[in-house]
Amino acid sequence: MIWETVRLAVQAIFRNALRSFLTILGVVIGVAAVIAMVTVGQGSTEQVTSDVARLGRNLLVVSPGRAQQGPGAAGGAAPFDVRDVDAIQDQIGSVRVAAPAVTRMMTAILGNENLTTTVIGTDSRYLEARDMPVALGRPFYESELRSGSAVCVLGQTVRRELFGSGDPLGQSLRLKTISCRVIGVMEEQGVSSFGQDQDDFVLVPLKAFQRRIAGNSDVALIFVAVRDGVSTDAAMAEIERLMRERRRIGPGEEDDFNVFDMKQIASVLTGITNVLTGLLSAVAAVSLLVGGIGIMNIMLVSVTERTREIGIRLAVGAREGQVMTQFLVEAIVLSLFGGGIGIVLGLTLGAVGSNLLRVPFSPDPAIVAIAFGFSALIGIVFGYFPARRAARMNPIDALRHE
Amino acid sequence: MPGAQPLIELAGITKIYGSGAAEVRALDGVDMKIGEGEFVAIMGPSGSGKSTAMNLLGCLDVPTSGHYSFMGADAGALSRDQRALIRRNFIGFVFQGYNLLARTPAVENVELPLIYKGVGRAERRRLAMEALARVGLEARARHDPSELSGGQQQRVAIARAIVGRPAVIMADEPTGNLDSTTSQEIMEVLTRFNAEDGITIVMVTHETDMAEYAHRLIRFVDGRIVSDGPV
């Protein structure tokens, strides 16, 4: 009997295919939007998580500036210098390695080619802290670091853009006024969350950067890798204590530097992603609600239009419940159609969106199931009133209806 | 012979629509007995209560007062769903306006009562085709009502009425929309079901020609029966 009813409902829906399609459009859009949002959102979260895993879960970043500003936002606080880096490395037992870094966006020129990229002044500890292997050539020698030689190690993007398939080793690259010899190329790091190319950089010795580019001896960031098996929280506390001491911050005074944990950065990024996903999903959910009202509207019209049919069914012996079921099933089937199309559309949009944002496409079966269940629920909720109206009709009046 | 066993019994039936000043007494103390296998015509001027009587007899409506017994059951006291069950199992309807489902092939229209009887799909199709054959329309089974003439549509409606083997057919002006030749065809079909299958027929009509097919004629005026006897 229920299959019979479903078959009848499908028939009724296809009898008015265009109107049925327009009716379910709201549900289609709602479901598609929710699924696309959640899929892309989850892809982003996954990307952030895997980025963090790649950066190293044990990596901390120390930067000058007041709290709540994120790494790199100095906010007028005094910069670090290389002695701070050494102090962290030498005085804190849980630290495996601490590396200085100064960065600046600059144009790298090679012959007619030029590329705006991030120039990072650092030393070999940076490669160690970030676990970045050299793919081609070699890292800096100690002597080059000590003397601040004009040598550089490239990220894969810089190599590709400037040298193409040619061999970059031994060639000279011009950065502003200095010319530096390429000694190595790092291994590909890939793209981070939110599409940031992590291979778009040129590494130069810290001293070379300070003397020839910045003209001072500041260190903007300190990357700290904590030993395996040591709690990063404990290491963060120790670094904070040490830096307060070194920067002579009295008790009760606020820190003028930040220690960020990659987990923290990840959770901030994930938090942003989640809030955005939530907001957009809320908008999508409203459109689902509107879609449901659309279904109710059309079902009411349909009940009125089919008054005579209802009269006939009642006359030949349909019980109230059977007429009710017929219209309810019709509403449910209608919104399930909407849900089904919405799911397909949503997953497609999700795949396209993930591809555009360069995050992994990770459809969640749970959300697909929820969307499907939710569309059924919409059918029940918004189909109930019209169905009841149909079932309660007086057969005599219904048969007379023109 | 007709009238031997009471199928339908009305005693002191009153039906009042509206209330107060707008009160309309559609039926006013009607007594009637219809036996199994009878062919009864009900006539009367418009507003005489014949359609109201038809709706009560067909268990589509309940009387305001009085006693209505259908096959021994107190039909006046039944709930909506219980009356639906009576209609489903014992009553077939034929209306003036045919009342077929639009955009639905004839055979599916005929199957409709069987769906609610819970008859399986294959059996339903077989019974519907059989019923269509009995009204001479098996060749038109796949046609929608809009592709059929008025007489053909009414024959489909009759097939729908008899497919569930009802005890009685309630025909409300079955020839009202048809020309005289077609009307006669329809009446012959009804007469055949009455004679061959013993289905009781109660027919409301305002055409004397049609009433002559019946065996018994009941005349209504102002909600009362004014005459009841053989045609």
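Are there trypsin sites (Lys or Arg not before Pro) in the range A:295-402 that DSSP marks as loop and that have at most 12 other Cβ atoms within 10 Å, and which are they? The partial results should precede the final answer.
On the way: sites: A:Arg306, A:Arg308, A:Arg313, A:Arg319, A:Arg358, A:Arg388, A:Arg389, A:Arg392, A:Arg400; in loops: A:Arg306, A:Arg319, A:Arg358, A:Arg392.
Those satisfying the criteria are A:Arg392.
When only DSSP loop residues count, what trypsin sites (Lys or Arg not before Pro) in the range A:106-212 have their Cβ near at most 15 other Cβ atoms within 10 Å?
Values: sites: A:Arg125, A:Arg130, A:Arg146, A:Arg159, A:Arg160, A:Arg174, A:Lys176, A:Arg181, A:Lys207, A:Arg211, A:Arg212; in loops: A:Lys176.
Taking the range A:106-212 and a limit of 15 other Cβ atoms within 10 Å, the loop trypsin sites (Lys or Arg not before Pro) found are A:Lys176.
Please sort by residue number the GluC sites (Glu not before Pro) in the range B:23-82 whose DSSP state is loop and whose Cβ has at most 12 other Cβ atoms within 10 Å. Mind showing how you got there, number by number?
On the way: sites: B:Glu23, B:Glu36, B:Glu38; in loops: B:Glu23, B:Glu36, B:Glu38.
Those that pass, being in a loop and sparsely packed, are B:Glu23.
Peptide B:113-124: average number of partner chain Cβ atoms within 10 Å per residue? Before the final figure, lay out each step's value.
Values: counts 6, 2, 9, 9, 2, 2, 0, 1, 3, 0, 0, 1.
Whole-number average of other-chain Cβ neighbours for B:113-124 is 3.
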Rounded to the nearest 5, what % of DSSP beta bridges with both residues in the range A:79-255 are antiparallel?
75 percent
Which of the helices in chain A, when you take each full DSSP H run, stretch at least 30 Å along the axis at their Cα atoms and have an average Kyte-Doolittle score of 0.5 or higher?
A:17-55, A:262-305, A:320-357, A:365-391
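For A:Trp3 and A:Arg104, what does the FRET efficiency come to when R0 = 60 Å and r is the distance between their Cβ atoms, rounded to the nearest 0.05?
Working: r = 71 Å, r/R0 = 1.18.
Step by step, r from the Cβ atoms, then E = 0.25.
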Helix B:106-117: inclination vs chain B longest Cα principal axis, degrees, rounded to 10, gives 60 degrees
Rounded to whole angstrom, the alpha-carbon centroid of the range A:289-330 lies from that of the range A:109-160 at a distance of 73 Å
Value of [θ]222 nm, deg cm²/dmol, for the protein assembly as shown, DSSP H segments ≥ 4, -39500 (n - 2.57) each, nearest 500:
-16000 deg cm²/dmol
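Return a single number: how many Lys pairs in the protein assembly as shown, at a sequence separation of 8 or more or on separate chains, have alpha-carbon atoms below 29 angstrom apart.
On the way: A:Lys176/A:Lys207; B:Lys15/B:Lys33; B:Lys15/B:Lys50; B:Lys33/B:Lys50; B:Lys33/B:Lys117.
Lysine pairs satisfying the spacing and distance rule in the protein assembly as shown number 5.
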Roughly what % of DSSP beta bridges within chain A run antiparallel, to the nearest 5?
80 percent
For the protein assembly as shown, what's the radius of gyration and Dmax over Cα atoms, in angstrom?
43.3, 131
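Each value in this text was obtained by applying a stated rule to the coordinates, not by laboratory testing. Here the structure is a predicted model, which is why all the values come from computation and not from measurement. Note that each Cβ is placed from the backbone with ideal geometry, even for glycine, and that neighbours are counted across all protein chains shown.
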